[in-house]
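These notes are about the structure you will find just below.
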Amino acid sequence: RTKDLLLGRGSPRRTTDPVAQPVHQDMVVEQVHPVEAASPVGVHNGAGNWDIQLCSPSKINLFLRIVRRRMDGYHDLASLFQAISLSDEVSISLLPETATDDIFECDMEGVPTDRTNLVLRAVDVFRMRSGVRRFFRIRLTKTVPAQAGLGGGSGNAATTLYGLNELCGRPGSPDDLEDWSKQLGSDATFFFSQGTAYCTGRGEILDPKPALRPTSMYIVKPEVGLSTPAVFKALDLDSRSTTDPESLLRLHLDALDGPDKFVNDLEQPAFDCIPELAMLKAKLKLLGFPVVSMSGSGTSLFCLGEPDPSRLPAEGWPACITNSDTFPWPIKVFPATFLNRDASGWYKSS
């Protein structure tokens, strides 16, 4: 039986979410897939080598429409998701057959390393759905900021699920992985597209789209968090955009301009919660970026293209933002690009 306590940093927490619970051996299908079928990248020797290391991307919402509030309290949305190169790294090794628990470690302070973490939820889902009765050592190296609206944790979960499947001889098909990922939250499913997808429902209904034209971009992340429930609580359904999401989708796919092309119905409620975010967006727009918009429920903003050199102060970009004392919190800027993958492989760092 899998223990609740992991080896590594962090203390255990009990959760009532059935997906987050450890998977007991008597719940596992009597089917074991040979790990020899995998093609490991290296062999973990305790000194930094791993069986497989994968890029774990994040995402932005190029537009996000809140369609309706559902009877179950959730909201239906319509959004064009795009994977981006701002990414973490997931490293995985298969532990010996005598192992009785997983080992999980993360280099970012404050990230839980118990089974509330989506990485370990992915491990539990993989064992339950694949029938593989093995344990793993996993290291998560973080770059993607938390509470940013970038789906970093969901990307970690999807990447872990993909990596475990590769390491164990692919017991799950691509369709299986997409289906299994739905137990890990709606954003996780998106990463099993090829990097561009129109998502509806709670975000879990995936309509893959062709890769968009590459563009330079920046993620601007103030070091302040905002919970998604708080943003939805502040949402005024009567103040949403009225633009048809399908028409917004066509603007992006056909590379056309149009009103509300980058609309996010959660932007104004996020600004209502933290008014300084609206000030930050206004300052970025003054620098001449063609597009400045919030991703997800925030608090990150994405800027497409480059600033206008004639509008930059003497310190230049991005120092004019990262060194600014205008705002009550530090701000980080991350360069990024759109990121897509081949159907036969995973995302690769650009």
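Please report the net charge: other residues with Cβ closer than 10 Å to the Cβ of Gln268, K and R +1, D and E -1.
Values: positive: Arg240; negative: Asp236, Asp265, Glu267, Asp272.
Net of charged neighbours comes to -3.
Compute the length gained on full extension between Leu237 and Asp175: take 0.36 nm times their separation in residues and subtract their Cα-Cα distance, giving the result in nm to one decimal. Write down the numbers at each step before the final one.
Values: separation 62, 0.36 × 62 = 22.32 nm, distance 3.49 nm.
Additional length available on full extension: 18.8 nm.
Efficiency by 1/(1 + (r/R0)^6): what FRET value for Ala278 and Thr100, r their Cβ-Cβ distance, R0 = 51 Å, to the nearest 0.05? Show your work: numbers first, answer last.
Working: r = 52 Å, r/R0 = 1.01.
Efficiency at R0 = 51 Å is approximately 0.50.
Per the 1.4 Å probe, what fraction of the accessible area of the chain, in percent, lies on carbon and sulfur atoms? Intermediate results must be reported in sequence, preceding the final value.
On the way: 8060 of 15890 Å².
Answer for the chain is 51 percent, counting heavy atoms of protein chains only.
Once C-alpha pairs closer than 8 Å and six or more residues apart are averaged by separation and normalised to the residue number of the range 198-350, the relative contact order reads 32 percent. For Lys261, a cut-off of 29 angstrom between C-alpha atoms picks up these lysines, skipping any fewer than 8 places away in its own chain: Lys59, Lys182, Lys209, Lys221, Lys233, Lys281, Lys283, Lys285, Lys332, Lys348.
In this simple spin-label model, placing a label point 7 Å from the Cα along the Cα-to-Cβ direction at both Ser227 and Glu315 gives a separation of 3.4 nm. Using the 1.4 Å probe convention, the accessible area of the chain works out to 45 Å² per residue with neighbouring protein chains retained. Using a ≥ b ≥ c from the Cα gyration tensor of the range 267-350 (square roots of the eigenvalues), is it rounded, prolate or oblate, where a/c under 1.5 gives rounded and otherwise the larger of a/b and b/c decides, a/b for prolate? Because a/c hits 1.5 or more and a/b fails to exceed b/c, the range 267-350 counts as oblate.
Considering helices alone, the calculated mean residue ellipticity of the chain at 222 nm is -6500 deg cm²/dmol, with DSSP H runs of length four and up weighted by -39500 (n - 2.57) and normalised per residue.
For the chain, a Gaussian network of Cα nodes joined below 10 Å ranks Asp238, Asp175, Asp308 by mean-square fluctuation, and the top entry is Asp238. Maximal additional length on extending the Ser216-Ala343 stretch stands at 43.4 nm, based on 0.36 nm per residue less the C-alpha distance.
Give the range of the longest stretch in the chain that excludes all GluC sites (Glu not before Pro) found in loop regions by DSSP and having at most 14 other beta-carbon atoms within 10 Å. Before the final figure, lay out each step's value.
On the way: sites that count: Glu30, Glu97, Glu109, Glu223, Glu315.
Counting at most 14 other Cβ atoms within 10 Å as exposed, the longest clean stretch of the chain is 110-222.
Please work out whether the chain counts as rounded, prolate or oblate from its C-alpha gyration tensor, where a ≥ b ≥ c are the square roots of the eigenvalues and a/c under 1.5 means rounded, while otherwise a/b larger than b/c means prolate and anything else oblate? Taking the square roots of the gyration eigenvalues as a ≥ b ≥ c, the chain is prolate.
DSSP assigns beta bridges within the chain; of those with both partners inside it, close to 90 percent run antiparallel.
The values are calculated or read from the model by the stated rules, or taken from the named source; none is laboratory data. Quantities reported herein were computed from a predicted structural model and do not represent experimental measurements. Here Cβ is always computed from backbone atoms with ideal geometry, including for glycine, and neighbour counts include all displayed protein chains. The area values use the complete protein model at the heavy-atom level, side chains included, leaving out ligands, DNA and RNA. Shrake-Rupley method; radii C 1.70, N 1.55, O 1.52, S 1.80 Å.
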